[in-house]
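Undergrad: This is the structure I have questions about; it appears just below.
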Amino acid sequence: MKNKDTELREELAAHLQMAAADRIARGESPEEAAAAARRELGNLSQIQEATRDVWGRRWIEQLVQDVRYATRTCRRNPGFALVAILSLTLGIGANTALFEVVSAIKLRVLPVTDPDRLVEIAPTSMNGVRGNQHTWHASVTQPIWREIQARQQAFSGVFAWSRTSFNLAQGGEVRFIDGMLVTGDFFSTLGLRPTIGRLLAAEDDRTGCTPRAVLGYDFWRRTYASEVAAVGRTIVLGSRPVEIVGVAPAGFYGLEVGRTFDVALPLCAEPLFSDDGKGLVDAGTTWWHSVFGRLLPGWTMDRAAAHLGAISPEIFQTSLPSYYPPVSVQSYLNMKLSANPGGAGLSELREKYETPLWLLLAIAALVLVIACANLANLLLARASAREREIAIRLGLGASRGRVIRQLLTESLLLVTIGGVLAMFLADTLGQWLVVALETSADRITLPLRVDWMVAAFGAALALATCLLFGLAPAIRGTRLGAREVMHVGPRGGTSSRESLGLRRALVVVQVALSLALLFASLLFAGTLRNVLHVNPGFKPEGLLVANVDLSPLKASTARTPIVREQIIERVRSVPGVESAAPVAVVPISGTSGSNEVWPEGRRSGAFDSRINEAGRGFFATLGVPFLAGRDFDSRDTPQSIAVAIVNERFAARLGGNIAAVGQRFVREATPRRPEKTFEIVGVVANSNYLTLREAPSPVAFYADSQDPSRTDAQLMIRLTIPAAAATSAITAALSDLDPRLEVRYAVLGTMIHDTLVQERLLAELSSGFGLLAAVLTTVGLYGLVAYSVSRRTGEIGLRMALGATHRTILGLVLRETGLLLVTGLVLGVVLALAGGRAAATLLYGVKPHDPVTLGLSVALLGLIAVAASVIPARRATLIDPGIALRTE
């Protein structure tokens, strides 16, 4: 079968034959007739090209030609191609990786049916909350959830859920997996289907239920090797066998982005895993439920919010616990429920790291701009060197648009290769970012994939990059016309001055942006250094945290304190343990508690105090010195007067200092405990309570031995041996005491390190980007000076022939470079100060306009720039005047 080109040639040949035959019939010779027919028809090649244009195929042929030519050009300039591709790979890859993580945390919706119809139902404010809050976000109690379920009219289905964990080990060191407690309509309201078996339903969530388990898809694959036979088996959770009824669909990790679940159980099963067998299902002061609903057809978010606001007074009035502290009752009754978009789920990662990630994305974008400016500089130099070639093309009839398209194709080829490599780099960087956000206690599950948003971002980035560094050189390179062809010399034509001016402007931009990025990296590095050098008020080195769960023993209330004391003494006797003491809140662990307190008889002096419970030897174990008074001891029993040890800040707020020993203060009533008076028996030095960044706050430590309700023994242990050896020895000692005891460990130094994820992330990534920006700027400045020297070879040769010294030539070159450098640094200082103010909330111990850091940034970049300029400048002093003049 003939193709169109063959048919076109045959048709033109037939037309020529017919025209020639007609002329021969009129008496012309065959030779004259053929020549006249060809003249009459015109240029056959142009006719063929015009016909192909009508067919719409010529642009494909031209594109193929352009790509082939661009490929040959890159082969002839491997150094330039390598620098360009590497710069684009790093720039596009870093931006895509950061956007991929931001997209997964912030922009992606849940993999459920109609996620845009999902609504989070939560209090607008938690000001009226008293009791225990188990979540990092706004949540409700079980009585409030029941009222929402009974009174709402806006949703086709509502459900509540809560994160938890289950222990797979039976005695000894614990092995936790991530879990969820969900109400019966959880899976059906989300519109999910099981991978195998079935999901939980309303009939599974009944008071006094026999628990059933749904496995998370990844846990099923990891633990049960994707066996279908896993359904029907039992999984032992907290020493309790639970039947597996199904596996959740692949890709569903729960409703909290960044977290996952291994096992989901019905909410009614919660009391079975509690210490007292009663659990939290009726607790009116435990805030632990997240509530979601699916909007009814015809209902909008605003209408649902108005409905929830209207029923809020009844809900909070009916759910008010009888034991709620009177002082907080009105605040509770004033609480309102709101409707918030729920299609993207909840995410602590979003709350913590959204701002730092957007900031890092902006920094990465600036690095890409610097890379583009650098590549534009290189292409402008190449365009100047190719002016004669381009001018000849234009003189031979090529359109300016056609030549610009050819030059842009070369840029597009570089972008395409760099973009493809960047996708592989983005995947690696993205996974590294996810790992960087993890802590030893919190595993992050954040599936990164190239969805339409990431693909669109990458495509837009590649296109913008191509235009950013390719368009200006292409336009500049095609300014010569046919009449100027003969005037183009061996070093370029008249447009070279304009090209050099643009290249200088690009270098100024590079210097300015590099200074801003270098300043930011030094600020974040200084923040990390300052936080790491904070004195927390105790010695974290060699401290181990052990949490021993007594609930499997089912000990009576009277026996529990005895068992706790036996555990503490057994741990103290382990070789390698220097000291051990119980504590309720581990310093800098992310857990906290507070109460309002006031001096006895003077309620007007009330202030908010952080609280903790500790036992004998706690302050010695941590290395916190006593300033006055005594430690807790055997005198502090449940029957004796309630005592407390306070820190300096507490004593100062109470109206004194170390003389606070012997004074009394009152702790406000809590939902479970009445108002109580304490006597201060000791004052200790200030130490950090919640974070390393915090300023000292008032802290009151209550005697652990005076609280018989505790059912665990959380110990601070100071070691003289490595933690790994100590944990095995402690576990063995506790097993000898009772094999049912369960214990988990954490190294305090690691826990503190985990609180610095944001500081480490910003410092490490901004430093990497700052270094990359400085390298790119150095390359750009070196290229500009080298190009300028090569263009001025004749001038420099003439100056040297007339007697100019090497020092004069060196100063001549460096003066021009210095002017560009100073201009860029001045502009960069302005940008750096503006960026510092924008990042002020992320800094610690360093001012956003810190003059020392700014001066150091200017000095570092200035030295790098001077070093990049000196090498080609010194080369200018070695030019032979005779050779230079003959070349010109």
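The values are calculated or read from the model by the stated rules, or taken from the named source; none is laboratory data. Worth saying up front: this structure is predicted, and the values here are computed from it rather than measured. Cβ atoms come from the backbone with ideal geometry, glycine included; neighbour counts cover every protein chain shown. With ligands, DNA and RNA removed, areas are computed over all heavy atoms of the protein, side chains included. Shrake-Rupley method; radii C 1.70, N 1.55, O 1.52, S 1.80 Å.
Undergrad: Within segment 741-750, identify whether any single residue is among the charged types (D, E, K, R), in contact with a helix residue (DSSP H, G or I) (Cβ under 8 Å, 6 or more places away or on another chain) and open to solvent by less than 30 Å² (accessible area, probe 1.4 Å), and answer yes or no.
TA: yes
Undergrad: Among the residues of segment 707-724, count how many are modelled with pLDDT of 90 or more, open to solvent by 40 Å² or more (accessible area, probe 1.4 Å) and of a type outside the set (Val, Ile, Thr).
TA: 1
Undergrad: Of all residues being crowded, with 19+ Cβ neighbours inside 10 Å and among the charged types (D, E, K, R) in segment 521-569, which is nearest to Gly836 (Cα to Cα)? Just the residue, please.
TA: Asp549
Undergrad: To continue, here is another question. In segment 217-256, what residues are surrounded by fewer than 21 Cβ atoms within 10 Å (Cβ to Cβ), among the hydroxyl-bearing types (Ser, Thr, Tyr) and touching a Lys or Arg at 6+ places or on another chain (Cβ under 9 Å)?
TA: Within segment 217-256, Tyr224, Ser239 qualify.
Undergrad: Before we move on, is Asp178 in a helix (DSSP H, G or I), out of contact with any His (no Cβ under 7 Å at 6 or more places or on another chain) and open to solvent by 10 Å² or more (accessible area, probe 1.4 Å)?
TA: Here the answer is no, as Asp178 does not meet what is asked.
Undergrad: Can I ask one more? Starting from segment 108-133, keep only residues that are surrounded by fewer than 19 Cβ atoms within 10 Å (Cβ to Cβ), then list their pairs with residues that are charged (D, E, K, R) and modelled with pLDDT of 90 or more whose Cβ atoms are within a distance under 7 Å, requiring at least 6 positions of separation or different chains.
TA: What qualifies is Thr124/Lys336.
Undergrad: Inside segment 595-626, can you point out the residues that are touching a Leu at 6+ places or on another chain (Cβ under 8 Å) and open to solvent by 40 Å² or more (accessible area, probe 1.4 Å)?
TA: Arg610
Undergrad: Only one of these conditions is not met by Leu761: (1) within 30 Å of Arg664 (Cα to Cα); (2) touching a helix residue (DSSP H, G or I) at 6+ places or on another chain (Cβ under 7 Å). Which number is it?
TA: (1)
Undergrad: For segment 154-171, which residues satisfy the criterion of being surrounded by 21 or more Cβ atoms within 10 Å (Cβ to Cβ) and assigned to a loop (DSSP other than H, G, I, E, B)?
TA: Result: Ala154, single match.
Undergrad: Only one of (1) surrounded by fewer than 20 Cβ atoms within 10 Å (Cβ to Cβ); (2) in the same structural domain as Leu463 (by TED's automatic domain parsing) fails for Leu98. Which number is that?
TA: With respect to (1) surrounded by fewer than 20 Cβ atoms within 10 Å (Cβ to Cβ); (2) in the same structural domain as Leu463 (by TED's automatic domain parsing), Leu98 is out only on (1).
Undergrad: Of the conditions (1) of a type in the set (A, V, I, L, M); (2) in the same structural domain as Ala154 (by TED's automatic domain parsing); (3) open to solvent by 10 Å² or more (accessible area, probe 1.4 Å); (4) in contact (Cβ under 8 Å) with a residue 24 or more places away in the chain, Ala365 satisfies every one except a single condition; which number is it?
TA: (2)
Undergrad: Which one of these does Ala505 not meet: (1) in contact (Cβ under 8 Å) with a residue 40 or more places away in the chain; (2) surrounded by fewer than 18 Cβ atoms within 10 Å (Cβ to Cβ); (3) part of a helix (DSSP H, G or I); (4) under 40 Å from the mean Cα position of the chain (by Cα)?
TA: Of everything listed in (1) in contact (Cβ under 8 Å) with a residue 40 or more places away in the chain; (2) surrounded by fewer than 18 Cβ atoms within 10 Å (Cβ to Cβ); (3) part of a helix (DSSP H, G or I); (4) under 40 Å from the mean Cα position of the chain (by Cα), Ala505 misses just condition (1).
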